[in-house]
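What follows is calculated from the coordinates using simple rules that are stated; it is not laboratory data. Just so we're clear, the structure is a prediction, and the values are computed from it rather than from any experiment. Reconstructed Cβ throughout: ideal geometry from the backbone, glycine too, with neighbour counts over all protein chains shown.
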Amino acid sequence: MSDYLDLAGQLMMVRLFGTELDDDTDAFLRAHKVRGACLFRQNMLDAPQLARFTADLRDAMGPEALIALDQEGGAVVRSTWVPAPPSAMALGAANDPILARDVGAAVARAVRALGFNWNFAPVLDLNNNPDNPVIAERSFGADPETATRIALAWMEGSESEGVACCVKHFPGHGDTHVDSHRDLPTVDKSLDELERLEFAPFRIAAQADKPARAVMTAHIVYPALDPEFPATMSRPILTGILRERFGFQGVIITDGMDMHAIAHRYSAGQAAVNALVAGADMVMAIGSRETQLETVQAIAAAIRDGVLPLHDVEARLARLSGLAASFPAGPVHYLTDSDDRALMARAWRAGLTLLGQPQRPARGSKIRLVARADVVSDGVSESGVPAASVAAALGRLYDVDLVTFLDADSFDWSALPQDGRFTILASTSRRRYGPHARASWHPDLHLALWNPYQALDFDAPALMTYGFAAPAVDAAIAWLAGELDAQGRCPVPGFEHEPEQDGNAM
């Protein structure tokens, strides 16, 4: 059984607990020949700590280690102190492939210096559902050709700097109204509909002159393709469509198998075996140590019993080895931090988008800022920007009165003082507003600092940044100061009435 366990461990990616490699985890990785690790925000303190951590992981997992993270940009970043990349939709709004390539390269330079060689980005999901709770600004847009062109330019930049990419989430997470971290979504579209939209970016990425090296699966049921299993466990989808029809030759890795869409319906071991039988090369076993042990033992038993034929396992290992050989782990010196910060600031500015005809309050005006009292994460993203930080930024230009709310569904907009102050609503979370707010809130200007679809919730002019990182807020302040125009064009339906001319000062 030990030989089978060694093979099984190489088909797993695990989550780590804490900010250093403890002796027990080190022994687990070595004993089971685990070659993949994914780190999250809770594993990171600063650059020196993280570089030590990834160095210890390379030592434990060997020269073919795959050390991964989600550094997409926008709200989905794990290393928060490196130059802050714009979200995918900000780059989609800028519609500049050269800029996207430069951003992808800068992201890679930063994470490679920290010891990573695999980034789970870019997102190829086409966000065509305004109520999508988990993708939104993580998507480059809704048009298959345009969004894919920008995404693949980003990928080319990353790989030019030695960091492998992983496009996601096949066959498409853009038209869901359920977050697969919390439940199992269904996309009930016909095959023809999927072919025209959801499939297109992945087909292009698989068949490009420089094809994607890795694809991540979606924990979503597509009844037209497989009425029983989510894509992660579906042989008709992973093997029949991605491998055989699209001709994809790279690595297929699952999304996190601890997500509720999977973990609330299958045992960890059975889920892992199902995914590998379906055609996945690596299972992201990022649950507890107990579920990791269950996973490696179940995979080993499946190999021993012929459920996973040995020749298929060897083909999977060859693909994983090829990826690791092309993008070896190991830190490099990072000498361009200031240049990359300037690049990211320029990229955030390029995506700024207006909706309606917003007016800039004159410098020195009295304004009222309304914003959430707390900063929240949806479980995928980092927490939003604090209201006080937005108020301080606006305070560079205006006399600011900050009003915060805890619950948008009960906040009484009519109770705001009627004192003539220009009222700015800053949206600092991804969740869209409910009927109460939509019917009764009347901002003079809406700063949509995260999910651009929130700009559609109010009959008010809006400035959309597609993210809340410091350079995004700085870009918004620069627009308010009249220092730049907002030239972005939102790359998803619903924003067709964007202005031809930029707003003027009041």
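With a 10 Å Cβ neighbour count serving as the proxy for reagent exposure, in which order, fewest first, do 323, 449 appear?
With the fewest neighbours first, 323, 449 line up as 323, 449.
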- Quickly work out the residue 483-to-residue 27 label distance, labels modelled 7 Å from Cα along the C-beta direction, and quote it in nm with one decimal. 5.6
- Task: Please give the length that would be gained between residue 160 and residue 80 if that part of the chain were fully extended, namely 0.36 nm times their separation in residues minus their C-alpha to C-alpha distance (nm, one decimal).
- Result: 26.6 nm
- Note on the structure: Counting only DSSP beta bridges with both partners in the stretch 2-326, the antiparallel fraction in percent, to the nearest 5, comes to 5
- Query: Does the stretch 352-480 come out rounded, prolate or oblate, given a ≥ b ≥ c as the square roots of the eigenvalues of its C-alpha gyration tensor, rounded meaning a/c under 1.5 and, failing that, prolate meaning a/b above b/c?
  - Reply: rounded
- For residue 214, other-chain or 5+-apart residues with amide H closer than 5 Å (H placed, Pro excluded) are 167, 251
- Positive end of the charge dipole of the chain (Lys, Arg +1 and Asp, Glu -1 on Cβ, about the Cα centre): tell me which of 164, 468, 361 has its Cα farthest that way. 164
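Can you sort 251, 403 by how many other beta carbons sit within 10 Å, fewest first?
Final ranking by Cβ density, sparse to dense: 403, 251.
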- Query: Which residues make up the longest stretch of the chain that has no GluC sites (Glu not before Pro) in a DSSP loop with at most 10 other Cβ atoms within 10 Å?
  - Reply: 229-482
- Sorted by packing (mean other beta-carbon atoms within 10 Å per residue), highest first, where do 351-358, 460-467 land? 460-467, 351-358
- Message: Only four residue types carry charge here, +1 at the Cβ of Lys and Arg and -1 at the Cβ of Asp and Glu. Report the dipole size of the chain about the Cα centre in Debye, rounded to the nearest 20.
- Response: 480
- Query: So what's the back-of-envelope 222 nm ellipticity for the chain, counting only DSSP H runs of four-plus at -39500 (n - 2.57) apiece and dividing by all residues, rounded to 500?
  - Reply: -10500 deg cm²/dmol
- Item | trypsin sites (Lys or Arg not before Pro), loop per DSSP, at most 16 other Cβ atoms within 10 Å - longest free stretch of the chain | 1-181
- Sorting 91, 456, 11 on the 10 Å Cβ count, fewest up front, what's the list? 456, 11, 91
